[in-house]
1. Taking θ = phi - 60°, what integer Hz values does the Karplus form 6.51 cos²θ - 1.76 cosθ + 1.60 yield along segment 63-71, in sequence order, with x for Gly and Pro?
2. Scan around Lys58 for amide H atoms under 5 Å from its own, H built in the peptide plane at 1.01 Å from N, and keep only partners 5 or more places away or cross-chain.
Amino acid sequence: MDLVEKFDAKGKTGGAYHVEVYLTPIDDVAGTESLAALGQKTYQLADGRALDPLSDAKFKIVQTGEKIYRV
């Protein structure tokens, strides 16, 4: 799993969050080449809490249900 992006987000109450995006690359059928564009992205806060992506700019903190927005 590789860190591929970081960005800031805010909640409706004004709380600031740091989001990290990780990519788990998949191998082709022969297992010889990484197909990064087809890998699975995982979103989480810098403190490790998981996020569910709702759109490119909107996420939900799994633990609390709070929705946060990319800034």
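Values quoted throughout were computed directly from the atomic coordinates according to the rules given, and no laboratory measurement underlies them. Predicted model only: the values in this text are computed from it and were never measured.
1. Rounded to whole hertz, the list is 5, 10, x, 5, 8, 10, 10, 4, 10.
2. Amide H neighbours of Lys58: Arg70.
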